[in-house]
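S.K.: For reference, the structure I am asking about is given below.
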Amino acid sequence: MTASVGELLRAARQRLDGHSPSADLDARVLMAHCLGKPTSFLFTWPEHIPRDSEARQFQEWVARRVAGEPVAYLIGRREFYGHEFLVSPDTLIPRPDTELLLDTVLDSLSADRPQRVADLGTGTGAIAISLALARPAWQVIAVDTSTAILDLVERNRQRLGAGNVQPLQSNWCSQLQGPLDAVVSNPPYIPDDDPHLEEGDVRFEPRTALAAGSDGLADIRIIAAQSHERLRAGGLLALEHGYDQGEAVRQILHDAGFIGIETRRDLAGHDRVTLGRTPPGDTDAQ
Ligand SMILES: C[S@@+](CC[C@H](N)C(=O)[O-])C[C@H]1O[C@@H](n2cnc3c(N)ncnc32)[C@H](O)[C@@H]1O
């Protein structure tokens, strides 16, 4: 093959058009990864001729993207909260929406005091590791179900140098010892029969990371009940949920015994994160 970067990109954009909502960006990201260069290289050197192996890899990835595979699974990476995470089809690709959950937790707990925090359903470890890097004095337990996922968390933990993250295999809180200062989770919250599960990139992500019973709230009910038992008095629970689940999640937290319950909205103005605290004891400080 002797086509240049510019020619390969033009052809790829045409193939991706109608199959991806971001054909141009996808083509550039895939090409940059094949070449092992930043995307700025593509603008500077459109006449560069990739090696045969690089061009073949690019054509294969474009074909898989045309068939629907997410770019993050093809290149095995996704940026979240300013850090690059390895991703795998074993778990969810971190979403920008989830950054609100991180901001909420960082705003709600003292930065200086050591805090013992659990991230339930950690996936790539995006939440746990980003919290741990932002707050070196905290100890963050990163919980998920499978060894494959926990191996991925461990690789991300080591690459990003988050020594204060401890991966833990556990069915929600079953293996988790209290007392905790905070529990944070972006759990599965999509109803089992939601048609969005059959559309776009989501088709390639595991159901176990997405769907949670007929109303999408099955895991949130379990997490609220189990975390209440493990949080210290005055401890924080912060949950991400669907844009139309704010009222239901506030009720679940209320029924589980949480107080000071409030919901925060994302940039689109949708209910996205709900938090509450266990009732205070006599000597609790944040
Ligand atoms: C929506 S994904 C969130 C992943 C990651 N925290 C993020 O925000 O990108 C939900 C995660 O919960 C995990 N999960 C599902 N059921 C679980 C259970 N019973 N116990 C622990 N984790 C569970 C899934 O494996 C998946 O990694």
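The values are calculated or read from the model by the stated rules, or taken from the named source; none is laboratory data. Quick caveat, the model's predicted, so the values are computed rather than measured. Don't worry about glycine lacking a Cβ; one is built from the backbone with ideal geometry, like all the others, and counts go over all protein chains shown. Side chains included, ligands, DNA and RNA excluded: accessible areas come from the protein's heavy atoms. Shrake-Rupley method; radii C 1.70, N 1.55, O 1.52, S 1.80 Å.
Quick grid of which residues meet (1) buried (at least 20 other Cβ atoms within 10 Å of the Cβ); (2) among the hydrophobic types (A, V, I, L, M, F, W, C); (3) in contact with a Phe, Trp or Tyr (Cβ under 8 Å, 6 or more places away or on another chain):
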position	(1), (2), (3)
57	no, no, no
62	yes, yes, no
73	no, no, yes
99	no, no, yes
106	no, yes, no
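S.K.: Which of (1) buried (at least 21 other Cβ atoms within 10 Å of the Cβ); (2) within 12 Å of the ligand (Cβ to nearest atom); (3) free of Cβ contacts under 8 Å to residues at least 60 places away in the same chain does residue 157 not meet, given it meets every other one?
M.R.: The number of the failed condition is (2).
S.K.: Might you check whether a residue that is among the hydrophobic types (A, V, I, L, M, F, W, C) and within 25 Å of the chain's Cα centre (by Cα) occurs anywhere in the range 3-20? Before the answer, list the steps.
M.R.: Applying the first criterion (among the hydrophobic types (A, V, I, L, M, F, W, C)) to the range 3-20 yields 3, 5, 8-9, 11-12, 16.
Subsequent filtering for residues that are within 25 Å of the chain's Cα centre (by Cα) retains none.
No, the range 3-20 has no match at all.
S.K.: Another one. Condition check: within 16 Å of the ligand (Cβ to nearest atom) and not assigned by TED's automatic domain parsing to the domain that holds residue 19. Does residue 251 satisfy that?
M.R.: Answer is no for this residue.
S.K.: Let me ask you something else. Run residue 254 past the list (1) part of a loop (DSSP other than H, G, I, E, B); (2) open to solvent by 70 Å² or more (accessible area, probe 1.4 Å); (3) free of Cβ contacts under 8 Å to residues at least 40 places away in the same chain and report the number of the one that doesn't hold.
M.R.: Failed condition: (1).
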